[in-house]
Structures are given as C-alpha cells and as structure tokens.
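Asks: Sharing a structure with you now.
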Amino acid sequence: MDDRVTVSALKERVSRFVLERDWGRYHQPKNLAMSVAIEAAELMELFQWDPHENPVRPQNEAERRERVREEMSDVLAYLLSLAAVMEIDVSEAFEAKMASNEERYPASGPGGETGAAER
C-alpha cells in the first residue's frame, strides 16, 4: 500500500478524522509535538531493556510486530496532523533534510563507516 497512497492523502485522512470529532481545538502544535513524543516513547517501550527480543512483553514476535505497527501509526498520525496544522509539506521537508544529511554525512564507500554520528 505504501506505493499507492500519497503523504497528502494520509494528511487529509488524519485531518478529516480530527475534524469529524471536533478535536481541532486540541490539535495545536505544542499538543501535537508532545503527542509525537509520548507515542514515540510507547514505541521505545516495546524494545526497552533487551537489545534483542523482549521475553516479557510481547509474548511472541507476531504480537510484537503488531504492537510496533500500532505505535508507529500513532507517531505518524500525530506527525501528519502537526504537518497539516503548520502547513508543512512533508515530502519537501523530508527531501531537504535528506539532502542536508547527505552533505553532512557523505557515504565513504561500500561497507565503510564515516563515524558514529550518522547512525
């Protein structure tokens, strides 16, 4: 589905969801930025304490994958809502940032490392 749905369509879907519930008054930049951080923390929690697989929660990899998928979607929804409220073109912002990163951290060649900062 990634190859068929545009970022613009996702932004419109989130905006419509917010509008239909009359949540616009809550979706201010500060609140949305905080919500991104909160949801990102929930995503991080799925990997906390164990560099590999968490033996306690979730119980299996399929469950873990589903929970990661849900938390990633929450993060993305709030980012898209923030972009809509602040009138930021996500694709343009992403391309500009990647160009900046490529300049700042040039590829050193096949399998090479340019330093820990790019990881």
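The values are calculated or read from the model by the stated rules, or taken from the named source; none is laboratory data. Remember, predicted model here, so these are calculated numbers, not experimental data. Glycine also receives a Cβ, built like all others from the backbone with ideal geometry; neighbour counts cover every protein chain displayed.
Asks: Which of the residues belonging to the stretch 77-99 are free of Cβ contacts under 8 Å to residues at least 12 places away in the same chain and among the β-branched types (V, I, T)?
Replies: I88
Asks: Considering the stretch 88-108 alone, what residues qualify as being among the small types (G, A, S) and under 30 Å from Q28 (Cα atoms)?
Replies: Answer for the stretch 88-108, where residues must be among the small types (G, A, S) and under 30 Å from Q28 (Cα atoms): S91, A93, A96, A99, S100.
Asks: Next question. Mind checking which residues of the stretch 9-33 are without any contact (Cβ under 8 Å) to a residue 12 or more places away in the chain and not in a helix (DSSP H, G or I)?
Replies: Of everything in the stretch 9-33, those that are without any contact (Cβ under 8 Å) to a residue 12 or more places away in the chain and not in a helix (DSSP H, G or I) turn out to be R21, D22, W23, G24, R25, Y26.
Asks: Given the criteria closer than 30 Å to V14 by Cβ, at pLDDT 95 or above and touching a helix residue (DSSP H, G or I) at 6+ places or on another chain (Cβ under 8 Å), does S81 qualify?
Replies: yes
Asks: Does N101 count as in contact with a helix residue (DSSP H, G or I) (Cβ under 9 Å, 6 or more places away or on another chain) and not hydrophobic (A, V, I, L, M, F, W, C)?
Replies: Yes; evaluated as a whole, the condition is true for this residue.
Asks: Could you tell me which numbered condition V75 fails, if it satisfies all but one of (1) among the β-branched types (V, I, T); (2) outside any helix (DSSP H, G or I); (3) at pLDDT 95 or above?
Replies: (2)
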